[in-house]
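Here's the structure, in structure tokens; my notes come after.
The values are calculated or read from the model by the stated rules, or taken from the named source; none is laboratory data. Quick caveat: nothing in here was measured; it's all calculated off a predicted structure. Glycine also receives a Cβ, built like all others from the backbone with ideal geometry; neighbour counts cover every protein chain displayed. The area values use the complete protein model at the heavy-atom level, side chains included, leaving out ligands, DNA and RNA. Shrake-Rupley method; radii C 1.70, N 1.55, O 1.52, S 1.80 Å.
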Amino acid sequence: MSVMVCPSDLTLIGDELSIGDVIRDIIRMGPHEEPLHVLDLDDVVLKHYGWCAKMPRVKPFYAVKCNDDPRILQTLHMLGAGFDCASKGELERILGLGVDPDNIIFAQPAKSVPSLLYARSKQVLTMTFDGAVELEKIHRHYPEAHLVLRIRHDSQKVRCSLGKKFGCEPVRDGPELLRYAAELGMNVVGISFHVGSDCEEHEVYYDAVQVAKGLFEYAKTLGYKLTVLDIGGGFPGDNNKPLDRFAVAVNAAIDRFFPADCNVRIMAEPGRYYVASAVTLVSFVESKRVVKEVQEEDGTECTIMHYYLNDGVFGTFYTTAHEAQPAIPIVARKPGATEYRSMVWGPTCDSVDLILNDWKLPELELGDSVVFENCGAYTSVLSCRFNGFALPKVVAYLREETWKLLQDMIAAPASSTPEPVDSSTVEGKLLVTHEAFTPLAEAALSV
């Protein structure tokens, strides 16, 4: 039996410890020059089993663009997840892990010709399209591809809407594109949609599945027998946003419109769901400015604290600035301490590098820690070195019991999808403690 060797960039911790214990130790050893992303791979594993338990008919294809940390990718590969890739670079990374091409969807409706030729050379067959020009391009360069028509079905309650950029209008354009594909002799295998990123409207999935069903029926009139339904992403991943109501809507829709005996493969492209809560940022106060302002209303003087952290909009907080992703600071609080109106800035010289505007905080000193949860989605992948500041450093942790579980999975016969399991069974296997998978208590910063 082959045994995995723990990589040097992964720290195994005892089963009795929680990620809160790890963070407290990091704070004790601080301050650190670079911001730290504490990656809890146990959280990723638990999310995967949670998905399989709550939506057993829907195979997850992880959206690599959300967080491409190699330890996340390797863990999900070991768990049997598929992968949603959007570029040649992402295809190269995932194939480099040994992922079977059948376990990849090239979910990019606007592919470059070199990336298309690369996919063909590696026999990555399944890919999306949403327009006639893309269809013609694939016909010219990869005629044997398995095509999934992406339709537009937007949620009105999302953090980032994608329908303006991708997805054909399903009633007007969908049938026309299917007819054109049939004329070209292309192999259309399914329908996909994406309701938008970080959706809050679970009902939209039911409606989108129903619309997709209509196109499945229309495709039959053209001689197609579609076998793939891709329900996209948009599933929440913060630790205070459970999957349950989305799972209920999805299960109800697929059971009604695509019952198990219809031989349609159901897949999804979750990204944020898997990684948002897996990363906690530990940042530190590098500078401070105290400003006295006179209030226009009553002429009284007000103290406003300006804090400058070693992380900001050009690091972890891009989506805070551009997509209104909440940033909730966790700091040490002493009983009875005075709170001040505070501005929390990133370290760069750009005035847009603002993390928190007019936030009530107790007075912080140089070197104090400021912790933020739910920092795993669209953070490190969007970071840059503007002004020469360091990118967030990712430090990854995994419990010894989970490591053994992954070793057992590698030793077992290969399976494309783990067997659905009861959530309580999973928690028993992983020795999950309450603190490890719930929001970090503010008291955890007391050192």
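The Cα center of segment 45-96 and the Cα center of segment 232-281 differ in position by 13 Å.
When Rg and the Kirkwood Rh are both derived from Cα coordinates, the Rg/Rh ratio for segment 152-292 amounts to 1.14.
If I take R0 = 51 Å and measure r between the Cβ atoms of ALA182 and ASP408 in this structure, what FRET efficiency does the formula 1/(1 + (r/R0)^6) give, to the nearest 0.05? Between ALA182 and ASP408 the formula returns 0.60. Summed over the residues of the chain and divided among them, the accessible surface reaches 44 Å² per residue at a probe radius of 1.4 Å.
In segment 317-387, Rg over Rh equals 0.98, where Rg is the alpha-carbon radius of gyration and Rh the Kirkwood radius from pairwise Cα distances. The C-alpha radius of gyration of the chain, expressed as a fraction of 2.2 N^0.38 Å, stands at 1.06. Considering only GLY237, HIS32, TRP359, the residue lying farthest towards the positive end of the dipole of the chain is GLY237, judged by Cα position with unit charges set on Cβ. May I ask you to list the residues of segment 65-82 whose amide nitrogen lies under 18 Å from a point 7 Å from Cα along the Cα→beta-carbon direction of ASP102? Counting backbone N atoms under 18 Å from the label point, the list is 77-82. Shown here: segment 263-392, whose C-alpha atoms stretch 72, 33, 29 Å along the first, second and third principal axes, sorted largest to smallest. For segment 68-227, the equivalent ellipsoid derived from the Cα gyration tensor has semi-axes of 25, 22, 14 Å, listed largest first. Note on ARG385: accessible area approximately 150 square angstrom, rounded to 10, probe 1.4 Å, nucleic acids and ligands left out.
With a cut-off of 11 Å between beta carbons, the residues surrounding PRO70 carry a summed charge of -1, where Lys and Arg count +1 and Asp and Glu -1.
The portion of the accessible surface of the chain made up by carbon and sulfur, rounded to a whole percent, is 52 (1.4 Å probe; DNA, RNA and ligands excluded).
Only DSSP H runs of four or more residues enter the estimate; each adds -39500 (n - 2.57), and after division by the residues of the chain the mean residue ellipticity at 222 nm equals -9000 deg cm²/dmol.
Cα-based values for segment 8-154, radius of gyration first and Dmax second, are 19.0, 60 Å. Positive end of the dipole of segment 117-235 (Cβ unit charges, origin at the Cα centre): among GLY174, VAL124, THR227, the Cα lying farthest that way belongs to VAL124.
Among beta bridges from DSSP that stay inside the chain, the antiparallel ones total about 40%.
How high is the relative contact order of the chain? Use alpha-carbon pairs under 8 Å, at least six apart in sequence, and give a whole percent.
Details: 907 pairs, mean separation 104.8, N = 447.
RCO, the chain: 23 percent.
Taken over the alpha carbons of segment 60-116 as equal point scatterers, the Debye sum produces base-10 log I(q)/I(0) values at 0.18, 0.24, 0.29 Å⁻¹ of -0.52, -0.92, -1.32. Of the whole protein surface, GLU400 contributes about 80 Å² of accessible area at a 1.4 Å probe radius.
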